[in-house]
Structures are given as C-alpha cells and as structure tokens.
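To start, the structure itself, in structure tokens.
The values are calculated or read from the model by the stated rules, or taken from the named source; none is laboratory data. What you see is a predicted model, and the numbers here were worked out from it, not measured in a lab. Backbone-built Cβ (ideal geometry, glycine too); neighbour counts: all protein chains shown. Just so you know, the surface numbers come from the protein's heavy atoms only, side chains and all, with ligands and any DNA or RNA stripped out. Shrake-Rupley method; radii C 1.70, N 1.55, O 1.52, S 1.80 Å.
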Amino acid sequence: MNVLDKVLTLRPTSVVARLGTASRLPVLNPRDLLKALEGVPAALPCLPVPTRPMLPGMLAAARGEDAVLGLLCPHPLADRGAAERFMASVQQVAEADGHARPVFLQAGPVRVSKVGPETMAQLQEGLFRLVDAGFSLVSLDVTRLPVDVAVEVVPRLSGAVLERELALEVSLAAGAEGDELEGARALLDGLRQRGVNARFLRVSAAMLGEEEPDVQFLRNLVELAGQHGAGVSVGEAGRRSVRALPTYVAAGVRKVECVAPFERIALASYPEAVRTSLEQKAEKAGLTSGELLGVLGEQLAPLEARDAARLEALTFAEASEVLAGLGATRTGWKSMLFLAENRGD
C-alpha cells in the first residue's frame, strides 16, 4: 500500500460509513493528527464554512500550504439536515479537487444551556446524529453551566462520541471570574472521575484577551490540561486580527478555531439587502450576522458566479494566512508519513 492507502485505514468507522468505501478523502480523528505532530510547533487549524463557495478556497489553501485542516460546521443541529448537507458538500468539493491531505471535521460547539429532561433528550439524539453523520470531533459548549452541573451533563451527552472513540472537546465551564484555572481543574477532575477523557479543553480568545493574550494563564492552562491527557483549544480567534495566532502556538495550544475573518468575507459577498435582512433577523435571534449566516447556509439564494469566484479567492488568501500563522505549513505530508509508518501503534 502507498502512504495514502495506509492513512485511509485510520479513518473512523463512522466516517467510512458516511463517505463510502470508495472515497479517498483522509478524514481523520484529531487525536491521530496530534500524535503525528507531537513536538511540532503548530496548532491544528479549524475554519468555519458559512457558505459552500468558500470550501474550494479553504481546501486549495491547505494543499498550497501542505497543511492539515479542520473544517467546522458551527451549527450542526440548526435543522435535521444541516449536518448531512455539510458532510455532503465537503465530500463533493474535496473529491472533485482530488484533496489528499489530512482533514478533520468538527461539529459545533454545540451549545448546552439548559439541562431539563426534554432538552437533554433532544441533545442526546442530536449528538448521536452528528456521530452518525461522520464528524470526527464533537465540541460541547458548557460555558453557561456551573462546573458541578457540567461534570454531570457532559458524560450523559458524550456517550456516542466516546463509544466510537472520536474526539471530544469541552469548553471551560462557568466559574468565578479570576478563578478560571481552578474551574478548569475542577471540570477536568470531575470528568476524569466519571470516565470521560476530553481531547480538548476549549477557551475563548475573548477571555484570554485577543489583542494581547494572557500568555502566562494560557501556559498554565496548557500544563493543567496536559496532566489530564487533553490539549487546549482556542475558540473565536481572529475576531479583530490574526496577529495573535503565533502567540497561541508558542504557548502550547493544540487547536485554534478562526471563525470571524471568514464570516466577514462571506457576509461581504452578499448584496446589501441580504446583509440588512441578516442583521435584522440576527438581532431578533440574539446572534451575530455571521452566526446566522452559518445557520442559514444554503437556504439563501446562491451567489452570482462572479461573486462566488471572488469569495473563493478571498477565502484562499485568508486561509493561507491563518494556516501559516498557526505553523500548519508543511504539516500535511509530514503527518501522513508518520501515520503511515506508525498506524499499528
């Protein structure tokens, strides 16, 4: 077998079931990618796909930079078909372009703000569908829950993810301001006592201070997470600038979600009337315009061919900058060689 054939054997069974055995797209578990890039000064990049015309630009950037790439479906439970449409779009575009660099697919963060029986049942069903849809990473946002509630809720919701040995990400739960490190310790300890090992502990760039991140706190968090077998991921990065990305890498962060720049260029591609409508609807829904665009996705009228081509080009340029900023350049083939040689370990 060649390198790609060997790497394809590492795809999660749920991914193979979704893509089909004939697919040559290496959608992998981030756990394997982290292992392959151990010691490499890089963080896994994770980019959102608010609208389909952005996909070719993102994948082309990953090929151009020879980079691993995470693609994020920010609102996979928006409706019953959202996750499946996302997966179908990724597969169609990637296979049409012959994409053969490692990809991981993230669902969420899935917001957990209520814990009543009906809500929990709906979330459990929804998360099972996400696993079945072929995502290799599921992210749970428990920032609105106290730590003691979060450590009870996460095990109940993550069963399907952990049974398939997929990657689980959990956000830092609510806690007393200024005591976030102890909150993280309580969360990780509580989950470990319940047999749940999160692959990533997610913290928002806003909490760190995006212009000048609190590097010492971040390093302390990285050390703490490492003691629990987890890596730190930064969410909502790049809201103002992507200049802070190398700082996260230097502090030991293992994954970074860079959403805002791509939401901005996606929104700018639509006519003013559409943007105004999105702004009005977003305000009523308590979302940003970019978030609502991610929810609506392909429900909007397709862009004109010229606008779609321009959006693809802008996405390529933005994604290339983000990949370079996270040290992901030349991680694609390197990780594939490692995984091909060590797939039995």
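Checked against the criterion of being free of Cβ contacts under 8 Å to residues at least 12 places away in the same chain, over 20 Å from V154 (Cα atoms) and open to solvent by 70 Å² or more (accessible area, probe 1.4 Å), region 203-210 has no qualifying residue. Listed by position, the strands (runs of 3 or more DSSP E) contained in region 58-141 that have at least 2 residues being open to solvent by 10 Å² or more (accessible area, probe 1.4 Å) are 103-111. Looking only at residues in region 142-194 that are of a type in the set (D, E) and part of a helix (DSSP H, G or I), which one is surrounded by the fewest Cβ atoms within 10 Å (Cβ to Cβ)? Among those that are of a type in the set (D, E) and part of a helix (DSSP H, G or I), it is E163.
Once region 277-292 is narrowed to residues that are in contact with a helix residue (DSSP H, G or I) (Cβ under 9 Å, 6 or more places away or on another chain) and in a loop (DSSP other than H, G, I, E, B), the residue that is farthest from P41 (Cα to Cα) is L287.
Test V295 against the stated conditions and say whether it is within 23 Å of L77 (Cα to Cα), touching a residue at least 12 places away in the same chain (Cβ under 8 Å), β-branched (V, I, T) and in a helix (DSSP H, G or I). Yes: the conditions hold for V295. Taking L314, is it open to solvent by 60 Å² or more (accessible area, probe 1.4 Å) and in a helix (DSSP H, G or I)? So L314 fits the description; yes. Checking each residue of region 240-250 against the condition of being open to solvent by 10 Å² or more (accessible area, probe 1.4 Å), touching an Asp or Glu at 6+ places or on another chain (Cβ under 7 Å) and more than 21 Å from E65 (Cα to Cα) gives at least one match. Determine whether P261 is open to solvent by 30 Å² or more (accessible area, probe 1.4 Å), under 20 Å from the mean Cα position of the chain (by Cα) and modelled with pLDDT of 90 or more. So P261 does not fit the description; no.
For the criterion of being touching a residue at least 24 places away in the same chain (Cβ under 8 Å), farther than 17 Å from L71 by Cβ and either open to solvent by less than 20 Å² (accessible area, probe 1.4 Å) or out of contact with any Pro (no Cβ under 8 Å at 6 or more places or on another chain) (or both), R275 fails.
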